[in-house]
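Right, one structure below, let's go through it.
The values are calculated or read from the model by the stated rules, or taken from the named source; none is laboratory data. Here the structure is a predicted model, which means the values were calculated and not measured. Glycine also receives a Cβ, built like all others from the backbone with ideal geometry; neighbour counts cover every protein chain displayed. Side chains are part of the model used for accessible areas, which takes the heavy atoms of the whole protein and leaves out ligands, DNA and RNA. Shrake-Rupley method; radii C 1.70, N 1.55, O 1.52, S 1.80 Å.
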Amino acid sequence: MKSLFRSKFMTSLLGALIWAWMMMIARTVRWTVEGEPVAQKVWARQNGIVVAAWHSRIMVLPSGWIRRMKHWPGQIDGAAMLVSLSPDGEAVTRAISHLGIHPIRGSAGNKKKARKDKGGVRAIAEAVKLLKSGKAVCITPDGPRGPAEKVSPGAIMIAQRAGVPILPYALSIRPAKRLSTWDRLILPLPFARGAIVFGAPVDTDRARAPDEIQAELQKRLDEATRRADMLAGYKNSDEAGSQTP
């Protein structure tokens, strides 16, 4: 049964269904957007940028690209996204490809793991290359296996190598189903109330210590996530974490 669900036919079908769901969410949710003017300014003056968001929001991440970012003026030439090499990641890869987002297969969560994982090494190299060519690359800095909502060094390493800033990107939606996965994955519902919050960009100059940048990104992503939850209608983070339809 497991081999059936991981077959080429099933992953293609699942990818198409995820794509259709992502498009419906992007188009039907009543989005409130905050922090856009500052984000647009840094976007306009960069040839590449890392967009950092929590893994639990992966089903809603394309909404900001579809509704806002791909229409922003500037030199950014398209978007890419890091997707894990797991079988589940294959369906997500197919879904975002339908959206015109280039998938980068692999993980960049940890330097030591990346050295052992050929997929991780390739993913880091490809992400840096795409950033230097002018792409926006979306990275979930707590993926692919957590800890949930804790920034790992991978996003910082990639951004510093490419010489680009990191844009914190938080989304929240209510009502939504939180699944019992390691990241409490959000399964969004159409015609809901949602929020997109762009945090203040994080400078990744090579003169800065990576752990300093990591702490700053953690702080700004946490702040942006709390704000997005509030704008979506949650009273506090505990309510957002336990919400079901």
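For the reader, a short list of remarks on this structure follows.
- Considering segment 210-239, the residues that are modelled with pLDDT under 95, part of a helix (DSSP H, G or I) and over 20 Å from the mean Cα position of the chain (by Cα) include one that is surrounded by the most Cβ atoms within 10 Å (Cβ to Cβ), namely E239.
- Pairs with Cβ under 9 Å, 6+ apart, first in segment 222-236 and more than 15 Å from Y169 (Cβ to Cβ), second of a type in the set (S, T, N, Q) and at pLDDT below 95: M230/N236; Y234/Q243
- Which numbered condition S84 fails, given (1) at pLDDT 90 or above; (2) within 17 Å of the chain's Cα centre (by Cα): (1)
- Looking only at segment 29-42, and only at residues there that are closer than 25 Å to Q160 by Cα and open to solvent by less than 10 Å² (accessible area, probe 1.4 Å), the one that is farthest from the chain's Cα centre (by Cα): V42
- Residue in segment 197-209 that is over 26 Å from A159 (Cα atoms), touching a strand residue (DSSP E or B) at 6+ places or on another chain (Cβ under 9 Å), open to solvent by less than 40 Å² (accessible area, probe 1.4 Å) and not in a helix (DSSP H, G or I) present: no
- Some residue of segment 163-184 being aromatic (F, W, Y) and either closer than 14 Å to E34 by Cα or not in a loop (DSSP other than H, G, I, E, B) (or both): yes
- Any hit, segment 43-63, residues being within 24 Å of R145 (Cα to Cα), out of contact with any helix residue (DSSP H, G or I) (no Cβ under 6 Å at 6 or more places or on another chain), modelled with pLDDT of 95 or more and open to solvent by 60 Å² or more (accessible area, probe 1.4 Å): no
- So R145, is it in a loop (DSSP other than H, G, I, E, B), of a type outside the set (V, I, T), farther than 17 Å from L221 by Cβ and open to solvent by 40 Å² or more (accessible area, probe 1.4 Å): yes
- Search result, residues across segment 161-196 that are surrounded by fewer than 20 Cβ atoms within 10 Å (Cβ to Cβ) and under 12 Å from L231 (Cα atoms): R193
- Of all residues in segment 65-98, exactly one satisfies the criterion of being hydrophobic (A, V, I, L, M, F, W, C), part of a helix (DSSP H, G or I) and more than 30 Å from S7 (Cα to Cα), namely M69.
- Taking every residue in segment 94-108 that is modelled with pLDDT under 95 and surrounded by 18 or more Cβ atoms within 10 Å (Cβ to Cβ) and pairing it with any residue that is basic (K, R) and not in a loop (DSSP other than H, G, I, E, B), at least 6 positions away or on another chain, the pairs with Cβ-Cβ distances below 6 Å are G106/R122.
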